[in-house]
There are 2 protein chains.
Amino acid sequence: MPGGRPRTFDEEEALERAVEVFWRQGYEGTSITDLTTAMGVNKPSLYSVYGGKADLFRRVIAHYAEHDMAYARAALEEPTALLVVQRFLRDNVAAVTLDDKPNGCLSIQGGLSCSTENQDVAQFLAASRLAGEKVFADRFRLAIEQNDLPADADPDALARFLMVVSEGHAVHAAAGVPREALLQSAAIAEQALKAMTSQPASRA
Amino acid sequence: MPGGRPRTFDEEEALERAVEVFWRQGYEGTSITDLTTAMGVNKPSLYSVYGGKADLFRRVIAHYAEHDMAYARAALEEPTALLVVQRFLRDNVAAVTLDDKPNGCLSIQGGLSCSTENQDVAQFLAASRLAGEKVFADRFRLAIEQNDLPADADPDALARFLMVVSEGHAVHAAAGVPREALLQSAAIAEQALKAMTSQPASRA
DNA sequence: GCAGTTCTTAACCGCTCGGTTCAAAAATTT
DNA sequence: AAATTTTTGAACCGAGCGGTTAAGAACTGC
């Protein structure tokens, strides 16, 4: 029964353009005009299809989490804790230094700190990052059960350190530091975790 | 010969208020009204005394670097590379989780990513962070000369890892993660660097 | 108490912001 | 081809942006 004029844009494709804009400029640094220009979508269509700026941003984050952070979920499926860590760190470095995408990580660049009226954006991003950390902690808890990690290892601390390093790499990548340099840093982090996980653990 | 109506604010004190606003909300998330309100300075005075928003921000960064990052310079004066690392990491964790200041680090929160017209702000901050990294690398080069670090240690990689971890801690702190949790992460990083620096070094 | 100087208050500037309205245009259905 | 449905482009909101201007208030020196 419906007919109507067809869209001049693909909803998913336009969303991916929006991902890149928010990724590069952050939530507050991105204007509706920036979005309509990059997405090839006119203003009324943007509002009818995606909602508003805030709604669009939420969809952007969801799309980013599903596609651009798939490497994190993949890393979690490695058979041992050490392999999880190694793969996550290396793939993370690769993900924040892609040639055809902005440098860094949308989850951080998107809105590390915002104006008072947009604090919810910053809090939402922070909460989702910490949720990711918890998944790693749970994976390390499993590893302890499986005697893959020493019984006295601290899964929360390990996960936290892992996320701290990945966030640091994202910040560094956003500053333009090249992939090879970040891989050196990741290698040091790996050594740390290797030592923490294999030995009977003598935490400071 | 001068006279004139006296100011109702102290220039330095008002600047410190501005530091906190930019720290909490970032460059683009801060409006002139936010600043005048927090600083207790009216608009024309703000412009005549500090210049404009961009000029004020530069003064804010300078004030922050001199006062709130003094711990980094202090750490560099420790006698050994390991002590430099330990003190920097611990004091950095403390600095990003102060009770009477915003959580995190102004150098990152201030503008990790900006709109196209304010890219210079993000680049300026990124460059100053990398300049700090270079100072640590130089310190480690000195340590190698002094046989305080093994000759095959990579001073640039060590400094990079150190800054990566501190940036990660800043991002984590901005998300509200408490000091004790960050200290656990810092302890793991210390272990890493201790291993890298004392052993003959077997980098991956 | 008057001249000169400096700061404050409040209004104002052009501009862009996020968001909406509306008629014209382009497609589908019958 | 007529009727219907949907998107398009452009004009339009009120509000807030960064920044400026002009008049008056508070001080100093004489």
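The values are calculated or read from the model by the stated rules, or taken from the named source; none is laboratory data. Note that the structure is a prediction, hence the values are computed from the model and not measured. Backbone-built Cβ (ideal geometry, glycine too); neighbour counts: all protein chains shown.
Summary of computed values
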| quantity | calculated |
| --- | --- |
| Sole residue being touching an Asp or Glu at 6+ places or on another chain (Cβ under 9 Å), of a type outside the set (Asp, Glu) and more than 30 Å from residue A:165 (Cβ to Cβ), chosen from A:50, A:71 | A:50 |
| Helices (runs of 4 or more DSSP H) fully within the range A:76-153 counting 2 or more residues that are within 12 Å of chain B (Cβ to nearest Cβ) and β-branched (Val, Ile, Thr) | A:81-95 |
| Neighbours by Cβ (under 8 Å, 6+ apart or cross-chain): first from the range B:160-171, facing chain A (nearest Cβ under 7 Å); second buried (at least 24 other Cβ atoms within 10 Å of the Cβ) and of a type in the set (S, T, N, Q) | B:160/A:185; B:161/A:185; B:164/A:185; B:165/B:185; B:168/A:166; B:168/B:185; B:169/B:92; B:169/B:185 |
| Residue count, the range B:8-55 (criterion: part of a loop (DSSP other than H, G, I, E, B), more than 10 Å from DNA strand D (Cβ to nearest atom), over 19 Å from residue B:66 (Cβ atoms) and of a type outside the set (Val, Ile, Thr)) | 3 |
| Residue B:7 vs. criteria within 14 Å of DNA strand C (Cβ to nearest atom), among the basic types (Lys, Arg) and modelled with pLDDT of 95 or more | yes |
| Tally of residues being buried (at least 21 other Cβ atoms within 10 Å of the Cβ), away from chain B (no Cβ under 11 Å) and more than 10 Å from DNA strand C (Cβ to nearest atom) across the range A:20-60 | 3 |
| Number of positions in the range A:27-81 that are without any contact (Cβ under 8 Å) to a residue 24 or more places away in the chain and hydrophobic (A, V, I, L, M, F, W, C) | 8 |
| Among the residues listed as A:81, A:14, A:54, A:94, the single one being under 28 Å from residue B:120 (Cα atoms) and in contact with a helix residue (DSSP H, G or I) (Cβ under 6 Å, 6 or more places away or on another chain) | A:14 |
| Residue within the range A:91-104 that is in contact (Cβ under 8 Å) with a residue 24 or more places away in the chain and at positive phi present | yes |
| Unmet requirement for residue B:152, which otherwise passes all of (1) over 18 Å from the mean Cα position of the chain (by Cα); (2) surrounded by 15 or more Cβ atoms within 10 Å (Cβ to Cβ); (3) touching a residue at least 24 places away in the same chain (Cβ under 8 Å) | (2) |
| Residue check for residue B:64: surrounded by fewer than 23 Cβ atoms within 10 Å (Cβ to Cβ) and closer than 29 Å to residue B:134 by Cβ | yes |
